[in-house]
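Participant: Next up is a structure, given as structure tokens.
Throughout, read-outs are computed from the coordinates displayed, never taken from laboratory work. Since the structure is predicted, the reported quantities are computational estimates derived from the model, not experimental observations.
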Amino acid sequence: MGGWRVSTYVWRSYSFLASAEAPRIARKALRNALQAWECAVETAELAELLASEVVTNVILHAPGGLRVPVDFGVAGDVLTFAALDDSPLPPQDRQVRDGTETNGRGLPMLKSLSSEFGYRRSGAGKVVFFRLKIDPIPLHVVQRERYSAFPPSPHVRLAAL
């Protein structure tokens, strides 16, 4: 985990029903925000892939929560995506023995494709996050978003990561 402490310039907060549909819905929410923030298509596609993996892991490895709170935002040239789960256990790499297994590739992918991947304790659970280096958000977008209807969630504080 890194020691990045940032003020979030633009952000969105959501709480999705913890279901098989949550990763798809999270991808769509992130895609819509990144389009509104005028991010590059390649950046958005990579961010969606990683966000889907984080939300899937929350549902698979921290069952019991009814909702999956997520925050994502851009500060300077860094996108942060964070999800809260109810398990205090840290994310753990699983050994992939051969090419036929369909599970166990998520954390290595998150670690290799993101600029930073980590977690921190939060209450009885944890916040799992990744960061990507991106092109800075245009000033007109930051000014527009400053007055948006997306306040930071009380569950996940990007500035505290």
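Participant: Give me a comma-separated list of calculated 3J(HN,Hα) values for segment 135-140, in order, Karplus coefficients 6.51, -1.76, 1.60 applied at θ = phi - 60°, integers in Hz, x for any Gly or Pro.
Facilitator: Values, residue by residue: 5, x, 6, x, 4, 5 Hz.
Participant: Let me ask you something else. Return the sequence-ordered ³J(HN,Hα) values of segment 15-23 in whole Hz as given by the Karplus equation 6.51 cos²θ - 1.76 cosθ + 1.60 applied to θ = phi - 60°, using x for Gly and Pro.
Facilitator: 9, 9, 4, 6, 8, 4, 7, 4, x
Participant: Also: By the gyration tensor of its Cα atoms, with a ≥ b ≥ c the square roots of the eigenvalues, what is the shape of segment 57-96: rounded for a/c under 1.5, prolate for a/b over b/c, or oblate?
Facilitator: Values: a/c = 3.08, a/b = 1.48, b/c = 2.07.
Oblate.
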